[in-house]
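The values are calculated or read from the model by the stated rules, or taken from the named source; none is laboratory data. Only a predicted model underlies this, so the values are computations on that prediction, with no experimental measurement involved. Cβ atoms come from the backbone with ideal geometry, glycine included; neighbour counts cover every protein chain shown.
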Amino acid sequence: MSGIARFGRLLAATSRDSLQLFRLAPLIPLVAVLTEFAQHVAEVRIGLFVDSDSFNRLSRDATRLAWGDLKITGLMIATFLAARCWVNRRDRRPWWSMASIAWRPLLVGFVLMTLASVPLTPGFGLPPGLVLVLSLAVIVLTLPLMVLAMAGLLGDREMSLARVYRGGWGRGLRIIALTAVGFVPLQLLHLGNHVLAIGQGEAVVWAIMVWDSLVVGLIAMFMGTAMHHGYLGGEQPAGGDFTGA
């Protein structure tokens, strides 16, 4: 089987399993759905969707941005739980279990990625052109560190810093490609929902907001599932059933 065909099968499995999480562990997508909808409530209250002028003027409103921070937090938590969910499904543990996390590779990968990005912070005052070049370099050089952190999250205790820099490049690219292929169209749909709501009647706006919140829940489920499936690359099945799910 060609590499493209294998990736296509992996994408199909990721898409299918992302939707299955709404049935297998509905509380996970609900985290992203509810925090997204909370921001929508704030957006409607400040009049974001009244007309195009209001939309442009209020897009950076402090209230909207504050609820946006909550939304992003909910999205990240749901993504984390979605990735963990497949590990727990394999191990026949409840979906919320954190027992199998390999903390050492997770923390080493996360800390090193954070340290590598420190020179890019505004406090260093680097020229924008240099920041762009360094940003690209950091993304490339820390790709194996992302794989290391992912190994820890998914409970792979055999992965080490030396090992990811020797053979983790392909796995990292696979995770990024798989995540991007699903995230980009869903994000465009999410943005399109906001545009669609501009100038609509109240009932239509609320219907779009409910739909959009479900889309954001799916984004989180896809990203988490893509992290897990992309890391494994079809090497082993998710398998099993939830205990207590």
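What to note about this one:
- For LEU196, the requirement of being outside any loop (DSSP other than H, G, I, E, B) and under 28 Å from ARG6 (Cα atoms) is not met.
- For the stretch 195-204, the criterion of a residue being surrounded by 15 or more Cβ atoms within 10 Å (Cβ to Cβ) and not aliphatic (A, V, I, L, M) is satisfied by no position.
- Entry remark, the stretch 154-171: residues being loosely packed, with under 14 Cβ neighbours inside 10 Å and aliphatic (A, V, I, L, M) number 1 in total.
- Check on LEU120, modelled with pLDDT under 95 and surrounded by fewer than 20 Cβ atoms within 10 Å (Cβ to Cβ): yes
- If only residues of the stretch 56-108 that are basic (Lys, Arg) and under 18 Å from the mean Cα position of the chain (by Cα) are counted, the one that is farthest from VAL216 (Cα to Cα) is ARG84.
- Hey, ALA66 within 27 Å of ALA207 (Cβ to Cβ), surrounded by fewer than 21 Cβ atoms within 10 Å (Cβ to Cβ) and hydrophobic (A, V, I, L, M, F, W, C) or not: yes
- Test result for LEU148, in a helix (DSSP H, G or I), surrounded by fewer than 16 Cβ atoms within 10 Å (Cβ to Cβ) and modelled with pLDDT of 95 or more: no
- Selection over the stretch 139-174 of residues that are under 15 Å from LEU106 (Cβ atoms), hydrophobic (A, V, I, L, M, F, W, C) and free of Cβ contacts under 8 Å to residues at least 60 places away in the same chain gives a count of 7.
- Single residue of the stretch 177-194 satisfying the filter (in contact (Cβ under 8 Å) with a residue 40 or more places away in the chain and of a type in the set (A, V, I, L, M)) that is surrounded by the most Cβ atoms within 10 Å (Cβ to Cβ): LEU178
- Failed criterion for SER97 (all others in (1) modelled with pLDDT under 95; (2) within 29 Å of SER18 (Cβ to Cβ) hold): (1)
- For ASP53, the requirement of being over 15 Å from the mean Cα position of the chain (by Cα), within 30 Å of GLY199 (Cα to Cα) and of a type in the set (Asp, Glu) is met.
- Test result for VAL195, more than 23 Å from ARG89 (Cβ to Cβ), modelled with pLDDT of 95 or more and in contact with a His (Cβ under 6 Å, 6 or more places away or on another chain): no
- Verdict on LEU19 being under 15 Å from the mean Cα position of the chain (by Cα), surrounded by fewer than 16 Cβ atoms within 10 Å (Cβ to Cβ) and under 30 Å from GLN200 (Cβ atoms): yes
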